[in-house]
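Here is the structure we will look at.
Read-outs: derived from the displayed coordinates by stated rules, not from any lab. What you see is a predicted model, and the numbers here were worked out from it, not measured in a lab. Quick reminder, even Gly has a Cβ in these numbers, built from the backbone with ideal geometry, and neighbours come from all protein chains shown.
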Amino acid sequence: MLADDELGAAREAVDSLDLYAGVFKEIDADPRQLLIVAERGGVLVGTLQLTLIPGLSRRAATRALIEAVRVHSSARGSGLGSQLIRHAIEEARRRGAALVQLTTDARRTNAHRFYEKLGFEATHIGFKQML
């Protein structure tokens, strides 16, 4: 699913699954990381990663970062994405986070509308630098 669209297809290495397996073990061992998956009929149809980040700002608030949100093309439009995000928000709240944040590629205008419908606000401008 990471490569199931034009942006992901250009940046993911689906022919190097060992690369992902090692990182999966690292994420799975970290109590501040949670991989949430959705399954229908024994088939993986959705996933996201939730990361808890302790911080000094906002009165030492813990932030929850939602990353790598993916819904299989066969399940898009079914409400699954909303369920995944709502579940992540509830899990973040349960784990003591004061806010939930995420980034999405500037070219993903459909995703922007999706997140706004779920109550997210575009409050910041993000910057990245590839290393």
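For the chain, a crude dipole built from +1 on the beta carbon of Lys and Arg and -1 on the beta carbon of Asp and Glu, taken about the Cα centre, is about 660 debye to the nearest 20.
With R₀ fixed at 22 Å, the C-beta to C-beta distance from A60 to E90 puts the FRET efficiency at about 0.50. Each of the peptides 19-27, 41-49 was scored by the mean count of other Cβ atoms within 10 Å over its residues; in descending order, highest first, they stand as 41-49, 19-27. Our summary of shape: the Cα atoms of the chain have principal axis extents of 43, 35, 33 Å, ordered from largest down, in whole angstrom.
Counting 0.36 nm for each residue step from R76 to A21 and taking away their Cα separation leaves a gain of 17.2 nm. Computed per residue of the chain from DSSP H runs no shorter than four, each worth -39500 (n - 2.57), the mean residue ellipticity at 222 nm is -10500 deg cm²/dmol. Extending 7 Å from the Cα toward the beta-carbon at both E116 and A29 defines two label points whose distance is 4.3 nm. The packing ranking, built from the mean of other Cβ atoms within 10 Å per residue, places the peptides 93-102, 65-74 in the order 65-74, 93-102, highest first. With a cut-off of 14 Å between beta carbons, the residues surrounding E26 carry a summed charge of -1, where Lys and Arg count +1 and Asp and Glu -1.
In region 32-117, Cα pairs under 8 Å separated by at least six residues give a relative contact order of 26 percent.
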